[in-house]
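The values are calculated or read from the model by the stated rules, or taken from the named source; none is laboratory data. All values derive from a computational prediction rather than experimental measurement. Heads up, the Cβs are rebuilt from the backbone with ideal geometry, glycines too, and the neighbour counts pull from every protein chain shown. Only protein heavy atoms, including side chains, enter the accessible area calculation; ligands, DNA and RNA are left aside. Shrake-Rupley method; radii C 1.70, N 1.55, O 1.52, S 1.80 Å.
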Amino acid sequence: MLLTIGMLGILSLIFGLLLGYTSVRFKVEGNPIIEQINSHLPQMQCGKCSYIGCHPYAEAIANNEVAINQCLPGGESTMLALARFLDREPIPLEAPEEVVPTKLLAIIDETACIGCTKCIQACPVDAILGAPKWMHTVIAQECTGCELCVIVCPVDCIKMAPVPATLSRWKWPHPSQI
Amino acid sequence: MTEYLFILIGTILTNNFVLVKFLGLCPFISVSTRFETAMGMGLATTFVLTLSAVLSYLTDEYLLVPLQLEFLRTMTFILVIAVVVQFTEMVVHKTSPILYQALGIFLPLIATNCIVLGVALLNVQEQHNFMESAIYGFGAAVGFWLVLVLFAAVRERVALADVPLVFKGAPITLITAGIMSMAFMGFAGLIKV
């Protein structure tokens with residue numbers, strides 16, 4: 001029992017002295033600001049800031065290479081702490097934009113339509129009905145929402161409107177959105 | 001000489017620590033996303049693993065066995081490994097900033113790599129002598145390095161491949177690891193140890 005405690009104690013003491021001596025002998029004079037910036041970061045080493053870890057990101061901030069709002073795990077509190085510490089303006093976080101594709105439907109403002117037939121020629125699925133000099137309209141069941149007709153309209157009377165889900169149209173969400 | 005070669009081939013291919021003994025899977029999965037980081041991690045592991053295998057052998061042979069304190073092996077080895085890692089980090093930081101740039105982030109990760117402790121304990125279990133311990137540690141590290149680099153290269157390809165949506169991310173990574181493990185099982189008949 002005593003031998004065990006003594007052996008582990010002495011071994012730890014030797015190692016501790018060794019490490020203590022090493023840390024003094026091999027002391028690295030670094031930029032103290034980098035260490036202080038690093039202490040504000042969450043140390044998750046996640047790489048979301050596009051640097052390989054928190055310390056490289058801290059170095060980049062210290063060298064003014066990158067904005068202070070790149071740390072997603074740290075969130076707003078880290079950004080505010082960095083802004084206060086570095087005396088910089090707080091910037092909102094850069095959250096990745098979620099693009100959710102929704103089904104759109106072209107709608108022709110029939111009072112403004114001049115009957116030029118340009119949208120009829122542009123439509124790849126023949127979903128627009130009309131004749132020269134006569135008002136056009138969209139066949140809602142055929143429209144795929146491709147938006148090709150929007151740019152060709154000379155009087156800008158085509159709008160894209162989202163289609164609300166109905167019982168017949170509702171689908172299971174795409175796996176990537178779960 | 002032949003038995004050293006057998007140990008080397010055994011640890012690198014037939015009894016690869018990652019794919020056959022399933023040790024050190026966390027760095028295997030987490031550090032293998034990019035080829036360069038895999039190289040850095042492999043290099044750092046090789047250095048630390050060889051050193052800690054030798055040091056833990058010496059601790060066991062000249063401290064624990066004479067004092068009949070073999071039951072303290074795990075604890076002492078963990079102490080030795082932690083000190084080796086910390087010591088290496090400090091010395092490298094001072095002496096070679098370029099090497100520290102490349103390895104710095106991985107050195108603390110190695111302290112928790114279970115291959116390091118696994119090699120130290122297996123050295124005792126298989127009653128290796130000094131030279132065998134060193135080669136066993138070195139071979140284990142080279143095997144880890146080889147597998148990590150191969151896996152990182154595969155993952156860089158998989159990242160560009162058209163993977164079915166439900167398999168994207170972690171699932172395809174684990175499937176790839178499983179297939180690689182099966183491929184390494186093919187080395188099992190290479191030598192009889």
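Looking only at other chains, what is the average number of their beta-carbon atoms within 10 angstrom of each beta-carbon in A:60-70?
Numbers: counts 0, 0, 0, 0, 0, 0, 0, 0, 0, 0, 0.
Mean shielding by partner chains, rounded to a whole number: 0.
Where in chain B are the helices, taken as whole DSSP H runs, whose Cα atoms extend 27 angstrom or more along the long axis and whose Kyte-Doolittle mean reaches at least -0.5? Numbers along the way, then the final one.
On the way: long enough: B:35-59 (35 Å, 1.26); B:73-95 (32 Å, 1.21); B:130-160 (46 Å, 1.43).
Sorted by number, the helices that extend far enough and score high enough are B:35-59, B:73-95, B:130-160.
How many Å² of accessible area per residue for region B:20-167, probe 1.4 Å? If you can, show how the numbers build up before the last one.
Details: 7010 Å² over 148 residues.
For region B:20-167, the solvent-accessible area averages 47 Å² per residue.
Per residue of B:83-94, how many C-beta atoms from partner chains lie within 10 Å of its own C-beta, taken as a mean?
On the way: counts 8, 1, 0, 5, 6, 1, 2, 8, 3, 1, 4, 7.
If you average over the peptide's residues, the count of other-chain Cβ atoms is 4.
Pull out a ≥ b ≥ c, the square roots of the eigenvalues of the alpha-carbon gyration tensor of region B:3-42, then state rounded if a/c is under 1.5, prolate if not and a/b is larger than b/c, and oblate in the remaining case. Please report the intermediate quantities before stating the final value.
Details: a/c = 3.78, a/b = 1.88, b/c = 2.01.
In terms of gyration-tensor shape, oblate.
From the backbone phi of region A:119-132, what are the Karplus-calculated ³J(HN,Hα) couplings (6.51 cos²θ - 1.76 cosθ + 1.60, θ = phi - 60°) in whole Hz, Gly and Pro given as x?
Listing the rounded values in order: 5, 5, 5, 6, 5, x, 10, 6, 8, 10, 10, x, 9, x Hz.
Enter the accessible area of B:Thr46 (Å², nearest 10), with the probe set to 1.4 Å and all protein chains included.
Probe radius 1.4 Å; accessible area of B:Thr46 about 20 Å².
Over region A:32-86, with the other protein chains present, what is the accessible area per residue in square angstrom, probe 1.4 angstrom? Let's see the in-between values first.
Working: 2820 Å² over 55 residues.
Counting only protein heavy atoms, the per-residue value for region A:32-86 is 51 Å².
Beta carbons within 10 angstrom, averaged per residue: use that to sort the peptides B:58-64, A:6-12, highest first. Walk me through the numbers on the way to the answer.
Numbers: B:58-64: 16.4, A:6-12: 13.6.
Per-residue Cβ counts within 10 Å, averaged per peptide and sorted highest first, yield B:58-64, A:6-12.
Roughly how much accessible area, to the nearest 100 Å², goes out of reach of solvent when A and B pair up, both sides summed, probe 1.4 Å? Walk me through the intermediate numbers first.
Details: alone 13210 and 10570 Å², together 21870 Å².
Summing both chains' loss of accessible area gives about 1900 Å².
Rounded, prolate or oblate: pick one for region B:50-141, where a ≥ b ≥ c are the square roots of the eigenvalues of its C-alpha gyration tensor, a/c under 1.5 means rounded, and failing that, prolate if a/b is larger than b/c, else oblate. Before the final figure, lay out each step's value.
Values: a/c = 2.29, a/b = 1.91, b/c = 1.20.
Since a/c reaches 1.5 and a/b is larger than b/c, the shape of region B:50-141 is classed as prolate.
Would you list A:Phe15, B:Phe47 from the most to the least accessible area, probe 1.4 Å?
Working: A:Phe15 40, B:Phe47 120 Å².
Accessible-area ranking of A:Phe15, B:Phe47, largest first: B:Phe47, A:Phe15.
Given a 1.4 Å probe and every protein chain left where it sits, what share in percent of the accessible area of chain B is carbon and sulfur? Present the calculation step by step, with values, prior to reporting the outcome.
On the way: 6820 of 9620 Å².
Reported share for carbon and sulfur atoms: 71 percent.
Name the shape class, rounded, prolate or oblate, that the alpha-carbon gyration tensor gives for region A:32-86, where a ≥ b ≥ c are the square roots of its eigenvalues, rounded holds for a/c under 1.5, and otherwise prolate holds if a/b is larger than b/c and oblate otherwise.
rounded
Determine the sum of side-chain charges near A:Gly130: Lys and Arg each +1, Asp and Glu each -1, restricted to other residues whose C-beta is under 14 angstrom from that of A:Gly130. Intermediate results must be reported in sequence, preceding the final value.
Values: positive: A:Lys118, A:Lys133; negative: A:Asp109, A:Glu110, A:Asp126, A:Glu142.
Combined, the nearby Lys, Arg, Asp and Glu give -2.
Could you order A:Asp87, A:Asp109, A:Asp156 so the one with the most accessible surface comes first? Probe is 1.4 Å. Please report the intermediate quantities before stating the final value.
Working: A:Asp87 135, A:Asp109 75, A:Asp156 95 Å².
Descending accessible area places them as A:Asp87, A:Asp156, A:Asp109.
Taking chain A as the reference, fit the longest principal axis to its C-alpha atoms, fit the long axis of helix A:2-25 to the helix C-alpha atoms, and give the angle between the two in degrees, 0 to 90, nearest 10.
70
Largest first and in whole Å, give the semi-axes of region B:17-189's equivalent ellipsoid, each being the square root of 5 times a Cα gyration tensor eigenvalue.
On the way: eigenvalues 195, 79, 30 Å².
For region B:17-189, the semi-axes come out at 31, 20, 12 Å.
Can you pull the accessible area of A:Glu59 for me, 1.4 Å probe, Å² to the nearest 10?
50
How are the alpha carbon pair distances in chain A distributed across 10 Å bins from zero to the largest one, expressed in percent?
8, 20, 12, 13, 16, 14, 6, 5, 4, 2, 0
For B:Ala188 and A:Lys48, what does the FRET efficiency come to when R0 = 56 Å and r is the distance between their Cβ atoms, rounded to the nearest 0.05?
Working: r = 41 Å, r/R0 = 0.73.
Here the calculated transfer efficiency is 0.85.
With a 1.4 Å probe on protein heavy atoms only, tell me which residues of region A:14-28 lose at least 40 Å² of accessible surface in the complex relative to the chain by itself.
The answer is A:Phe15, A:Leu19, A:Thr22, A:Phe26, A:Val28.
So in chain A, which Cys have no other cysteine's beta-carbon sitting under 4.7 angstrom from theirs?
A:Cys46, A:Cys49, A:Cys54, A:Cys71, A:Cys113, A:Cys116, A:Cys123, A:Cys143, A:Cys146, A:Cys153, A:Cys157
Under 17 Å from a point placed 7 Å out from the Cα of A:Thr4 along the Cα-to-Cβ direction: which residues of region B:53-89 have their backbone N that close?
Under cut-off, by backbone N: B:64-79.
How compact is the protein assembly as shown by the rule of thumb for globular proteins, expressed as Cα Rg over 2.2 N^0.38 Å?
1.49
Just by accessible area at a 1.4 angstrom probe, what is the order of A:Trp170, A:Trp134, B:Trp145 from largest to smallest? All intermediate terms of the calculation are to be shown ahead of the outcome.
Numbers: A:Trp170 140, A:Trp134 180, B:Trp145 60 Å².
The residues order as A:Trp134, A:Trp170, B:Trp145, largest area first.
At 1.4 Å probe size, with every protein chain present, just tell me what the per residue accessible area of region A:88-168 comes to in Å². Let's see the in-between values first.
Numbers: 5810 Å² over 81 residues.
For region A:88-168, the solvent-accessible area averages 72 Å² per residue.
Using a probe of 1.4 angstrom, how much of the accessible area of region A:53-178 is carbon and sulfur, in percent?
The C+S portion of the solvent-accessible surface of region A:53-178 is 58 percent.
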